[in-house]
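Derivation of every value follows stated rules applied to the coordinates shown; laboratory data play no part. Treat the numbers as computed from the prediction; the structure is a model and nothing was measured. Don't worry about glycine lacking a Cβ; one is built from the backbone with ideal geometry, like all the others, and counts go over all protein chains shown.
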Amino acid sequence: MESRRSDRKFLQKVYEESGNSIVLLTTASISQEGNFLKDFLKDKKTFYYQCEYASPKLQLALLQKQVSVQCQQRLSHDSYDECFSRIRSGDASKLVVVIDHVERIGKKNTEFFQALVKLRNKQLYPGPVLILMVASSLTWNHRDLREWLGEELCNSIDHRRSLADISFLELVRALEDYSVKDSVQTYGVIGGTPEYVRIWDSTFSFKENVCRLILSPSGGLYDAAERVITSELREPQVYNTILYAMATGKEKLNDIYEATGYSRPKISVYLKNLAAFDVIEKVMSFDAGGWDHAKKGIYRIKNNFISFYYHFIYSNRSALFTMSSEEFYDTYIAPGLATYMQRAFVDVCREYLSLLNLMGKLPLHISKMGTWVGKEGTVDLVGENEIREYVAAICNWSMDAISVQDYENLQKNLKLARIRTKVVYLFSATSFTDELKALAEADASIVLVDMRSL
């Protein structure tokens, strides 16, 4: 996958640099980075330690054990300094020291972090070393690192890198046996999480993958959404209640209040926490002047996999226990899947327009893109350049065909939003009516995009 190749190239470049360095590697999504690390560490001299949730005394004992096992060293003092002074590469090659799950080290364990600084500064180990501090918890991306790591270690971090999700285009390339429709549906379920894409087998149908990976107790993604929420956030019952309300269409603070019964101040705090972990987002309507007609204070679940789970599975877990995964899919997922996939299709179309923009194939160079959410309707995509010229788009996933009426509704919403476009793009996963095709042929400002050409 291209994003992972880019990440590996980055780490390889740092590895080949002369001197010692510390890299803080964090995940930008809910995922596991184990396979990525193994690929990078292949054929390199490595000392690997996975931190555990433990007291400083036990953490030290666990590290000492790994030094003894991996480096065949006998330790005589209870100190982190001695641990890192005894690691060895065995030759003149650079040693990669991996401190995995570094977020499990408590703030009060300053000796651990001070020892890493000494290691980088060649005060403990004379040979060349690359120190990879890997934070696999979403919380690490949003903590005050200076408070957590201390001033000295923060100043000693040479590089920071987040492992990003892959794009839809990369997902299509990875699932080479899938049609574009199957790929869009897959993206709508698992998003661009590389490790989820890795286990999604395109030799199985979309339904078969959902059944075997998500609905089956032996599946790799069974209960994955709830595991993330319970491992990252306290009071999962509150977060579950709020996320379920959002998944069932409650998108404003007052709607969530009425659905959950929690106070508005309490909900605001929990929404803020969920947003900090990239689980939800506040949707800001594209501001082009039609603010009076725009909806305000809209929230939505940002993470595709968590959204899918709370939309289709969370409230039906009892049925999943009594049914086969195939029966559950047919009963609870299939009937609402087409409507649900609209949001994923909009994201795919957004990426398509961004790619055209990058290639210089739009009538103007977009510097900002978003969605206009109106009180009477929505413009799925709005793009603006630096001199406030616009393109806009609507995206149809489930309607039989986009019609002239749909185009006229778009124009009505654009007028309410006070957006005058140079070109409008009409994306459809199905088709277009003959009347709309004729209109587009006569008007160059109307561009029809069939999903099969994406």
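Taking the convex hull of the alpha carbon atoms in segment 204-340, what volume per residue do you get, in Å³?
Values: hull volume 18.8 nm³, N = 137.
About 137 Å³ per residue, rounded to a whole number.
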**Q.** Dipole-positive endmost among Val424, Leu414, Leu436 within segment 404-454 (Cβ charges, Cα centre)
**A.** Leu414
Q.
Can you pull out the trypsin sites (Lys or Arg not before Pro) in segment 233-327 whose DSSP state is coil and whose Cβ has at most 15 other Cβ atoms within 10 Å?
A. Arg234, Lys295, Lys296
Q: With a cut-off of at most 16 other beta carbons within 10 Å, and DSSP calling the residue loop, which trypsin sites (Lys or Arg not before Pro) in segment 357-415 qualify? Please list them.
A: Lys361, Lys375, Arg388
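Relative contact order, percent, of segment 204-340 when contacts are C-alpha pairs under 8 Å separated by at least 6 residues? Could you put the intermediate results ahead of the total?
Working: 108 pairs, mean separation 31.8, N = 137.
Reported relative contact order: 23 percent.
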Q | Highest average packing first - 207-215, 325-333, 308-316, Cβ atoms within 10 Å | A | 207-215, 308-316, 325-333
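If you wrap a convex hull around the C-alpha atoms of segment 2-163 and split its volume per residue, what is the figure in Å³?
Values: hull volume 17.3 nm³, N = 162.
That works out to 107 Å³ per residue.
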Q: Among Gly374, Val447, Tyr352, flag the residue with its Cα farthest along the positive direction of the charge dipole of segment 348-454, charges on Cβ as +1 for Lys/Arg and -1 for Asp/Glu.
A: Gly374
Q. Over the Cα atoms of the chain, what Rg and Dmax result, in angstrom?
A. 25.4, 85
